[in-house]
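Step one of this worksheet: look at the structure below.
The values are calculated or read from the model by the stated rules, or taken from the named source; none is laboratory data. These numbers come from a predicted model, not from an experiment. Don't worry about glycine lacking a Cβ; one is built from the backbone with ideal geometry, like all the others, and counts go over all protein chains shown.
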Amino acid sequence: MPQGKANPNSEFYPYIKVYEGYSDFVDELRIPRKVMDYLLDMPDGVYTPVDDNKRARTRLWKYLYYDGAHPERQPLPTPSEKMDVLFDPEFPTRPPNSEKGYRLFPQVFIKPSQTDAQTRIYVYMGRAVPTDDFTTQLSVVFDIFVHYTEEANTREDNSYSRAEAISQAIRQALHGVNRDGVGSFYFNRARHADCTDEPFTDKDSNVGRHLVMGLEIKSTVPDEGIPYNDIPINGWGVNFG
């Protein structure tokens with residue numbers, strides 16, 4: 001291709017993407033669902049979840065799925081039981097298990113599907129903070145809602161707050177983990193100012209925790225291989241080079 005000529009087949013035409021490594025953020029919208037797939041902790045033919053309360057995702061699912069006291073003493077929910085409480089946008093008001101309802105949502109908030117006594121987790125993208133041209137600190141937000149009747153009845157090891165127990169399990173499951181195809185999670189306010197774990201209430205029937213985890217992504221998006229010189233601006237004969 002002649003030097004300095006923009007490619008008419010390029011998505012950037014009539015401009016040229018000249019810097020290699022600039023992120024295109026193309027996978028950002030998929031991150032909440034990828035995080036959700038990880039938290040689901042499903043068998044895949046090689047890996048099988050273990051019913052061991054020392055494991056963060058095991059505790060997370062027991063706190064999320066079972067109402068009432070001592071959820072850690074219950075068996076790990078089966079893959080089918082987990083999928084029953086994962087929000088399905090095709091049937092927003094008709095969860096497969098009407099008693100449990102939807103409890104895990106890869107988006108900000110779904111009003112029609114909530115019921116009074118559910119524990120619920122909403123996962124969505126927060127603020128993006130660029131570190132440099134090639135590295136961006138994203139944030140993944142977890143809003144944990146616990147009905148007031150369920151908040152103080154976990155009763156395991158004197159850990160009464162169900163919302164805090166869920167937040168701790170999420171932090172343990174993600175902090176320092178590199179999610180292939182997503183990036184590396186962290187809980188470090190020096191890297192992303194939004195990282196936090198704080199209580200909230202909806203001033204009605206729910207209390208909860210607002211957890212924000214950082215997620216670093218680095219780009220390897222190539223440039224278009226066109227030298228950035230002798231390119232006229234709008235045909236006026238004014239050159240960049």
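Quick one: in the range 178-187, of everything that is free of Cβ contacts under 8 Å to residues at least 40 places away in the same chain and surrounded by 15 or more Cβ atoms within 10 Å (Cβ to Cβ), which residue is farthest from A163 (Cα to Cα)?
Out of the qualifying residues, it is S184.
Restricting to the range 191-231, what's the tally of residues that are at pLDDT 95 or above and loosely packed, with under 13 Cβ neighbours inside 10 Å?
Residues in the range 191-231 being at pLDDT 95 or above and loosely packed, with under 13 Cβ neighbours inside 10 Å: 1 in total.
Condition (residue is aromatic (F, W, Y), in the same structural domain as Y38 (by TED's automatic domain parsing), buried (at least 17 other Cβ atoms within 10 Å of the Cβ) and in a loop (DSSP other than H, G, I, E, B)) applied to the range 85-96: is it met by at least one residue?
Looking through the range 85-96, at least one residue is aromatic (F, W, Y), in the same structural domain as Y38 (by TED's automatic domain parsing), buried (at least 17 other Cβ atoms within 10 Å of the Cβ) and in a loop (DSSP other than H, G, I, E, B).
If E150 satisfies all but one of (1) assigned to a helix (DSSP H, G or I); (2) modelled with pLDDT under 80; (3) not hydroxyl-bearing (S, T, Y), what's the number of the condition it fails?
(2)
Under 8 Å between Cβ atoms, which residue pairs at least 6 apart in sequence (or on different chains) link something in the range 15-34 that is under 12 Å from G183 (Cα atoms) with a partner that is surrounded by 14 or more Cβ atoms within 10 Å (Cβ to Cβ) and at pLDDT below 70?
D27/V182; I31/V182; K34/V182
Tally up the residues in the range 27-58 that are closer than 20 Å to A165 by Cα, part of a loop (DSSP other than H, G, I, E, B) and among the hydrophobic types (A, V, I, L, M, F, W, C), please.
Count: 1.
Where the second residue is among the aliphatic types (A, V, I, L, M) and exposed (fewer than 15 other Cβ atoms within 10 Å of the Cβ) and the first is over 21 Å from M125 (Cα atoms) and assigned by TED's automatic domain parsing to the domain that holds H175 and lies in the range 192-209, which pairs have Cβ atoms under 9 Å and are six or more apart or on separate chains?
Close Cβ pairs (under 9 Å, with a partner that is among the aliphatic types (A, V, I, L, M) and exposed (fewer than 15 other Cβ atoms within 10 Å of the Cβ)) amount to S205/A117.
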